[in-house]
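Colleague: Below is a structure I'd like to ask you about.
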Amino acid sequence: MAQLSTIIGSILRDMVYAQHQANMYASTLEEAYRKSGRLEQFAMPAIALGEMELTVRYGITETDKETEQFEVNYPVLRDNIRHICRAGAKLLIRSALPILRTILKNTPKIGDVHIGELDSNPELKRKFSAFLSHKIYIAIQNDPLAITNDDGTINEEVITNIYVHICEEYLLHHDEIEEIIAQHKDDNITEKVTNAVREAAELEVPSIVAGMNNKRKRMMPSVDVVVGTEELNKLPEEAIHTLHFKVTPQTINLYTKE
């Protein structure tokens, strides 16, 4: 006995594997065709699965089961992302700027904010924090589900890497700051800032994302089925069903042009 979803998934998986095997075999012929003067003039044989219709006869043997499934809770995901962005901006200011202030004598601007004035001007600090928070938000929005583990919890390593990336992209690689860092006697200033942000993130991210879960659990009805001829013959006719479905194979480009 098996679940119908398992059987259909197996069929689709076998189709993908069959296409993969065909592609792999075709690729092994490429070198042979290239080496042979005669074969080089012919098109290399290949095959691609096309649209197909499948019919599956199955018999239901048990209907009293439920399957635990998880789905993304998007309202919660959006709230969690906002919190992660705000907390990350504050973390960057606390960890990176104290080191940068030691070399930024001319207080260069990032956006509309002079770094040297952040401590004395709360409004500027709020704007700069909003600026960094927005940059973190954009980074997460590139692939919002990447921050979510299979069980719905937050991937702390991904969040840490995003914080470090924002530090490098909008602090260390800022044109004016990068120029001053290059002229500074301490050649390790970039590494110091990066390490400070990473250490702070590794320390604080667990508490920032504590209790967060981007998925919700649902109990879905499930049935056990059989598909073998021998098993189907043992079942009453009313327990046997037929499923017709059409499959259109798709391709995914692994490499894209910049």
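The values are calculated or read from the model by the stated rules, or taken from the named source; none is laboratory data. Please read all numbers here as calculations on a predicted model, not as lab measurements. Using ideal geometry, Cβ is built from the backbone for each residue, glycine included, and neighbour counts are taken over all protein chains shown. The protein model used for the area step is the full one, side chains on, heavy atoms only, and it has no ligands, DNA or RNA in it. Shrake-Rupley method; radii C 1.70, N 1.55, O 1.52, S 1.80 Å.
Colleague: Using only alpha carbons, build the gyration tensor for region 119-191 and give me the equivalent ellipsoid semi-axes, biggest first, whole Å.
Modeller: Computed over region 119-191, the values are 28, 17, 10 Å.
Colleague: Note down, for region 173-214, the three equivalent ellipsoid semi-axes (square root of 5 times each alpha carbon gyration tensor eigenvalue), biggest first, whole angstrom.
Modeller: 32, 12, 5
Colleague: What is the sum of charges, Lys and Arg at +1 and Asp and Glu at -1, for the other residues whose Cβ falls under 15 Å from the Cβ of His241?
Modeller: Result for the local shell: -4.
Colleague: May I pose another question? Roughly how many Å² is the accessible area per residue of region 129-208, as a whole number, for a 1.4 Å probe?
Modeller: Normalised by residue count, the accessible surface of region 129-208 is 55 Å².
Colleague: Quantify, in whole percent, the carbon and sulfur part of the accessible surface of region 164-211 (1.4 Å probe; protein heavy atoms only).
Modeller: 44
Colleague: I need the Debye-formula profile for region 186-244: one equal scatterer per C-alpha, no solvent, reported as log10 I(q)/I(0) at q = 0.12, 0.25 1/Å, two decimals.
Modeller: -0.60, -1.03
Colleague: Can you give the percent of C-alpha pairs in region 1-64 whose distance is more than 19 Å?
Modeller: 54
Colleague: In whole percent, what relative contact order does the chain give with Cα contacts below 8 Å and a gap of six or more residues?
Modeller: Contact order relative to length: 39 percent.
Colleague: Give me log10 I(q)/I(0) at q = 0.22 Å⁻¹ for region 126-258, Debye formula, one equal scatterer per alpha-carbon, no solvent.
Modeller: -1.32
Colleague: Then there is this: Modelling each spin label as a point 7 Å along the Cα-to-Cβ direction, I'd like the Ala46/Thr248 distance in nm, to one decimal.
Modeller: The modelled label-to-label distance comes out at 2.2 nm.
Colleague: Right, here's the next one. Exceeding 29 Å between C-alpha atoms, which entries from my cross-link table qualify? They are Lys127/Lys192; Lys90/Lys215; Lys125/Lys215; Lys65/Lys234.
Modeller: Lys125/Lys215
Colleague: Another question about this same structure. Report Rg/Rh for the chain, rounded to two decimals, where Rg is the Cα radius of gyration and Rh the Kirkwood radius.
Modeller: Result: Rg/Rh = 1.19.
Colleague: Then there's this: Which far-off residues, 5 or more places away or on another chain, put their amide H under 5 Å from the one on Thr61, with H placed in the peptide plane?
Modeller: Asp224, Val225, Val226
Colleague: Can I ask one more? Mind listing the long-range amide H neighbours of Leu243? Cut-off is under 5 Å, sequence gap 5 or more, other chains count too, H placed in the peptide plane at 1.01 Å from N.
Modeller: Here Val56, Arg57, Tyr58 satisfy the definition.
Colleague: Go through Thr194, Leu4, Tyr58 and say which Cα lies farthest out towards the positive end of the charge dipole of the chain; charges sit on Cβ, +1 for Lys and Arg, -1 for Asp and Glu.
Modeller: Of the options given, the answer is Thr194.
Colleague: Please say if region 1-107 is rounded, prolate or oblate, where rounded means a/c under 1.5 for a ≥ b ≥ c the square roots of the C-alpha gyration tensor eigenvalues, and otherwise the choice is prolate for a/b larger than b/c and oblate otherwise?
Modeller: oblate
Colleague: Also: For every helix of n ≥ 4 consecutive DSSP H residues, a contribution of -39,500 (n - 2.57) applies; sum these over the chain, divide by its total residues, and give [θ] at 222 nm rounded to the nearest 500 deg cm²/dmol.
Modeller: -16500 deg cm²/dmol
Colleague: Now, a different point. Val76 versus Thr153, label points 7 Å from Cα toward the beta carbon: distance in nm?
Modeller: Simple spin-label model gives 1.4 nm for this pair.
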